1. Could you run the Karplus curve 6.51 cos²θ - 1.76 cosθ + 1.60 with θ = phi - 60° over the stretch A:256-271 and give me ³J(HN,Hα) per residue in whole Hz, x for Gly and Pro?
2. Quote to one decimal, in nm, the extra length available between A:VAL48 and A:ALA337 on full extension: 0.36 nm per residue of separation minus the C-alpha distance between them.
3. Pulled fully out, how much extra length does the chain show between A:ASP69 and A:THR483, if you take 0.36 nm times their separation in residues and subtract their Cα-Cα distance?
4. Select from the stretch A:159-265 those trypsin sites (Lys or Arg not before Pro) which occupy a DSSP coil region and have at most 11 other Cβ atoms within 10 Å, ordered by residue number.
5. Given contacts defined as C-alpha pairs under 8 Å and at least six residues apart, what's the relative contact order of chain A, whole-number percent?
6. Answer with one residue from A:GLY361, A:PRO381, A:VAL341: the one whose Cα lies farthest towards the positive end of the charge dipole of the stretch A:338-388, charges on Cβ with Lys, Arg +1 and Asp, Glu -1.
7. For A:SER12, list long-range residues whose amide hydrogen, built 1.01 Å from N in the peptide plane, is under 5 Å from its own amide hydrogen.
8. For the stretch A:396-496, report the % of Cα-Cα distances exceeding 23 Å.
Amino acid sequence: MSKPVRVRFAPSPTGFLHVGGARTALFNWLWARKNSGTFILRVEDTDVERSTEASTEQILDSLRWLGLDWDEGPYYQSQRMELYRERLDQLCAEGKIYPAFETKEELDRMREQAMAEKRNPIYNRAALRLSPTEVEERMKSGQAFVWRFKVPDEGHTVVPETLMSGESECRFENAAIGDFIVTRPGTLDKPGGPLYNFVCAVDDADMGITHVIRGADHLSNTAKQILLLEAMVREVPVYTHLPLITRGGKKMSKRDEDADPRYPVSVSARRDLGYLREATVNFLALLGWSHPSGEEIFPLDELIREFGLERLGKANANFDEDKYLHQNGWYMRNLPAEEIVRRAIPFLEAAGLSAADRPEGWLAEVIGLEIERCRLLSEFPEALAYFFQAPESYEPKGVRKFFGSPEAAELLDQTAGILEAAEPFAGEALEPELRRLAEERQLGFGKVAQPIRLAVTGRTASPGLFDVLRLLGREESVRRLRTAAEAIRSGVLAAGN
RNA sequence: GCGCCCGUCGUCUAGUCUGGUCCAGGACGCCGCCCUUUCACGGCGGUAACACGGGUUCAAAUCCCGUCGGGCGUGCCA
């Protein structure tokens, strides 16, 4: 009965895809998928000064990485100028737009003055009071002008929020909106290009968009676009405004990208940091949306089933880095092991850690051991380093606790001896031997395990000792034990390592 | 300034439309315990919130008014 859903994601190619944009894309995508609708990609590149192809590429790349595939497009507004021209001509013919000749500087001054006088700084319609001959003369003389949309003086424009719970609406007094500009300055010979609110309204109508889902920062734009749509006698889509994503109380902005390298706002930088697409999508979905069950883990397929615009929140959504990290860790541990291995390899290689000469399956095992201690793919190189190279130093805290006495060296030597003789060299064979060693020395097993752990990994914390020894191999394990014993005896560690 | 939106544990949130089941539920963080060769994972438990003031009502986190606080918009950007 209702029309098939058509939604769009309309980024402007003036930079990378940031998490806010990604969230908008995701919600539109989910709405399309949930309703078997169409997800359209539209590149809003009317600002030729700032739009770049590289940026478009990066945005598409990030969308693909997230798994947000589009059914139509990408359409480029820069290639639809004829359509905008047509609509503009029609509005002009109907007297719904008018040329205004003020320069930017003049407008700035007017705005400042209005603010100083505590007035709403909307355009004073000076151009509307120009006589037709005056206008014609100015245009013919080549004076630059912009087209302004004549907002009705009476009444108000309602932006309904019909999809949200509670059905609210925002009302804007038309008189307070002001005659906004729909084209850049131009002359009769060289017309100025169309501006955002105008092209957006034209395209949404032309592309048959049924639902416009975007950030709440667009609320006042929506009123303008509805006005435009009504003026063009086109159907008005359903609008839904998403809670703003904030961090530190402020809207998350592209300009925050370099504030802290650990917490970038671009999707691509998150990817490079070792965030998983699954976690990213899951986390983004919870920015403004929640499930009544309180459940917070939603793989994509489940998200499509459970998602709904009626469960959007209204309060700003804060970007909780801790939760994002936590969810990333969850997906690291719960995605198929071979998948994680595949994704970890580039990070390891970038750090110069290659498992090419290791036995089949070795890397998977090693990653499997450390994965529960990692929450980002990028943590693997450091976490796994000791599997690739002998420790260059020992954790000072451990040295003090476990390497303090000559007995420690003796213990490590003895352990080395046991490992040399162990047959086969595997956890099952090693464990009884080492436990016996502890008993002989009348020590709890921990007292034996910790020095050994420190000797072979350089750390006081690691996965189970027997697994570590097995994967390190007999030769390497023995070598590290002897090296550590030697270091203890030589006294170099006491000096502070 | 003006317009619009919002305000629940340290943090993210559920609950607000349709007042009672909420002395407020979940998650993250933190703390403790269990598991245990360490760390982590996992399990169990704990911590902690309705911005404030009025009103309506037998009853308010939920409705109304005001105050305060925060955010967004206010572009010849999108």
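Laboratory data are not the source of any read-out in this text; all were calculated from the coordinates shown. These figures come from a predicted structure and were not determined experimentally. Heads up, the Cβs are rebuilt from the backbone with ideal geometry, glycines too, and the neighbour counts pull from every protein chain shown.
1. 7, 3, 9, 4, 8, x, 6, 10, x, 9, 7, 4, 5, 5, 5, 4
2. Separation in residues times 0.36 nm, less the Cα-Cα distance, equals 99.5 nm.
3. Here the segment from A:ASP69 to A:THR483 would lengthen by 143.6 nm.
4. When the trypsin sites (Lys or Arg not before Pro) of the stretch A:159-265 are filtered for loop state and at most 11 Cβ neighbours within 10 Å, A:ARG262 remain.
5. Dividing the mean separation by the residue count of chain A yields 12 percent.
6. A:PRO381
7. A:GLU44
8. So the portion of pairs separated by more than 23 Å is 16 percent.
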